[in-house]
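Reading through the structure tokens given below for one structure.
Derivation of every value follows stated rules applied to the coordinates shown; laboratory data play no part. Computed from a prediction, not measured in an experiment: that's the story for all the values here. Cβ coordinates were reconstructed from backbone atoms using ideal geometry, including for glycine residues, and neighbour counts include every protein chain displayed.
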Amino acid sequence: MNPTGAADSRPEPHARAPFRAADFDCLAEALDYAAEGGGGLNFHGLRGERENHLSYAEVRARALYLARGMMAQGLKRGDRVAIIADMHPDFVCAFFACQYAGLLAAPMPLPTALGGRDGYVEQLRISLKASGARIALGPEALIPQLEDAGRNLGLALIGTVAGLVHVNGIGRQLEPLGANEASHIQYSSGSTTHPRGILIGQSALMANAKAVAQHGLRITPDDRCASWLPFYHDMGLIGFMVIPMSCQVSIDYYQTDGFARRPLQWLELMSRNACTIAFSPAFGYDLCVRRAASARDLDLDLSRWRVAGIGGEMIRPNILNDFARVFEPYGFRAESFVPSYGLAESTLAVSVAPLDTRITVDVVDRQALVERNVAVRPGTNGNGNGISNGNGNGAAFSGNGIEGRTDKTRRLVACGHPLPGHTVEVRDAANSALPERCVGRIFVKGPSVMSGYDRNSVATDGVLDRDGWLSTGDMGYLTGGQLVITGRQKDLIIYNGRNIWPQDLEWEAEQLPEVRNRGTAAFSIEDNDGKETPVILVECRTQDSDARIQLVSMVRSAVFRKTAIDCHVGLIPPRSLPYTTSGKLRRAKAKQTYLAKELECEARPRPGNNGQPSVQRTQSLEA
Amino acid sequence: MSQLKSAGAPRDYQEILQAICTELAKANRRGVDLNEETDITADLEVDSIAVMDLLFLLEERYDISVPLNELGEVRTIGDLSKLVHRIATEG
């Protein structure tokens, strides 16, 4: 299982040059400096075996070589280079080659779906067009797809990184992207069909890297990072390439698709290499727990893991509790959990929870949250906007897990204070700042905020005002200066004057053993009078009519019992809910497709069928 | 998808096909006929976690690694069997 056996050698990151925590003006400067130390990148295969090692000096040398190859294609400064973000040294070296050549890298996603070739080619084509890429690079295995996607788009070159090496481009002076220029284009925002490229500036990138390294994670020369997060996502690219490299510390990579199959390899990699920092969306922790239940002879030492970061989606505290319970015998400490909040439009991180403390779970009254947009302790749903001093907390949770007690509350995870130099404001619909514990739209201002979407001023104007405030599109509140996220603004359901977070309806449905986690999507559909009807789509595997009718009724009654919302329940095939490339549920897209196709998926009596319920063959939402 | 090349292939291929069918039978609640032509995602409505679990099992059994980017053209049980067989044969 483990061909390498022994731990990978631990380089001395500051062997030759003093440690610097991401205090650089631009990325090329950071790599130049890292190349003087002993750190580097380790790439591991599906079973955890180390397949490639590159010191930062080697990354730099290859990047400089590739940079000349790129310039030989006759590109102008600031031209775009699409690179399929395979977890491979070629991607990393090509990414940094762009930095040295004065070109803007646009990392492209990898295919993920069984039978999804056509959809992937289309997705690539849309992104290639949107970015105006002049060169498209990818791994050998994906060149046919890349060629299909880039056909007739006038690209100067479509090929592998290795192929670029043979292009002769000697004699040109390299002018790396400098402090006042852009760094790259990030495509993890928006949908796959209408991707929004985010123009990441060098100054924003380095500001965020510095804030995360020095304040958020307090990175030291003794740290070592591990990651399975894809490079086409900001958490993978910036969080687990740019930032550790800018601190000269080493990184162990495990294949993203390997993680989906063998999540425990992520932990084994950390155990073997005494890694101290790793992040995952909450579902990654969930996958580990699931796999550990059936794993034999786990041999892990997670005692060095000091930052177990969580980001990228709403954080459900019970998943983290389960993870801590399962892995505490292997040295994991619940104090290592570090919830965070961020978005690609603000480079990566906006807030990071305090280190070395357990997560802060804010237990709030659900009814007050829904009806009055305030986050107050349970049992204080009386009058006024009073904020409890916390006495209600114990009472509501003494019956931990008992039905009918906890459904009056929502457990929300605090995601920390804004990073230094950054300001978070929570505003109401009229754009006025709200006091603490009032739920509203979250705005961010600071040096990490993007200058705008790439070649899309309309979209930029929609989220960024003239004073530099970024509308995140997320809803939440502040408590003690810490940010708490409650949901997405645009997905909000308004039902009989109440604000309903779709996450709530989904959460209740997903409590049923028959319903898969991340297998539901809630939204509302409006009739002609603007009246909203809540709908919840539930992925359902079985085609057995009776079972389907029963499931619909169970979901409806479970949701109604807990939220008093009578929603329309639609059954859809497994895997058919749309997600963004970064794994966020696309409720608006699910709703749009639902309406467009008029999915007849609920089991219900139909005329001409003797009043017996019938079940229509359902369509996939991902057309 | 590449075609079968080696002379000894058919026997191994049949074995792989059989193994895949056996595993998928567990998720085949609709009683769909399982053969080379069965579309794994459309006919069986297998979710992504189940696909990953199946790949995990095949990789362990045949000591192979199936690159995810090869799965884009896999639709049917036959496609998957051929892919696994090709990777196993190439070593």
Charges only on Cβ, +1 for Lys and Arg, -1 for Asp and Glu: so what's the dipole of region A:7-275 about the Cα centre, in debye to the nearest 20?
340 debye
Can you put A:His417, A:His44, A:His215 in order of Cβ neighbours within 10 angstrom, beginning with the fewest?
A:His215, A:His417, A:His44
Calculate the spin-label point distance for A:Ser303 paired with A:Arg290, positioning each point 7 Å from the Cα along the beta-carbon direction, and give it in nanometres.
3.2 nm
Return the distance in nm (one decimal) between the two label points of a simple spin-label model at A:Ala588 and A:Ala61, each offset 7 Å from Cα along Cα→Cβ.
4.9 nm
Potential extension, A:Arg151-A:Ala17 segment - 0.36 nm per residue separation minus Cα distance
43.6 nm
Measure off 7 Å from each Cα along the Cα-to-Cβ vector at A:Asn431 and B:Asp33, then give the distance between these two points in nanometres to one decimal.
6.5 nm
Give the span of region A:410-486's Cα atoms along each principal axis, as three whole-Å numbers ordered largest to smallest.
40, 27, 20
Within 10 Å of the Cβ of an average residue in B:66-78, the count of other chain Cβ atoms is 6
Return, ordered by residue number, the residues of region A:498-521 whose backbone nitrogen is under 20 Å from a label point located 7 Å along Cα→Cβ of A:Glu532.
A:498-510, A:520-521
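Given a Förster distance of 41 angstrom, what is the FRET efficiency for A:Asp25 paired with A:Phe283, based on the Cβ-Cβ distance and rounded to 0.05?
In this case the efficiency is close to 0.65.
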What does DSSP give for region A:7-275 in terms of the percent of beta bridges that are antiparallel, rounded to the nearest 5?
35 percent
Scattering from the C-alpha atoms of region A:206-365 alone, worked out with Debye: what is log10 I(q)/I(0) at q = 0.14 1/Å?
-0.64
Can you give me the long-range amide H partners of A:Cys540? Hydrogens built in the peptide plane at 1.01 Å from N, cutoff under 5 Å, separation of 5 or more residues or another chain.
A:Ile572
Difference of contour (0.36 nm per residue) and Cα-Cα distance, A:Glu36 to A:Ala162
42.9 nm
Does region A:7-275 come out rounded, prolate or oblate, given a ≥ b ≥ c as the square roots of the eigenvalues of its C-alpha gyration tensor, rounded meaning a/c under 1.5 and, failing that, prolate meaning a/b above b/c?
oblate
Provide the gained length on full extension for the span A:Lys408 to A:Glu335, in nm with one decimal, where the gain is 0.36 nm per separating residue minus the Cα-Cα distance.
23.5 nm
Project the alpha carbons of region A:17-95 onto their principal axes and report the range along each, largest first, in whole Å.
39, 34, 17
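Given the Cα atoms of region B:13-90, and with Rh set as the inverse mean 1/r over their pairs in the Kirkwood sense, what is Rg to Rh to two decimals?
0.92
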Explain nothing, just the number: dipole magnitude of region A:278-379 about its Cα centre with +1 on each Lys and Arg Cβ and -1 on each Asp and Glu Cβ, in debye rounded to the nearest 20.
140 debye
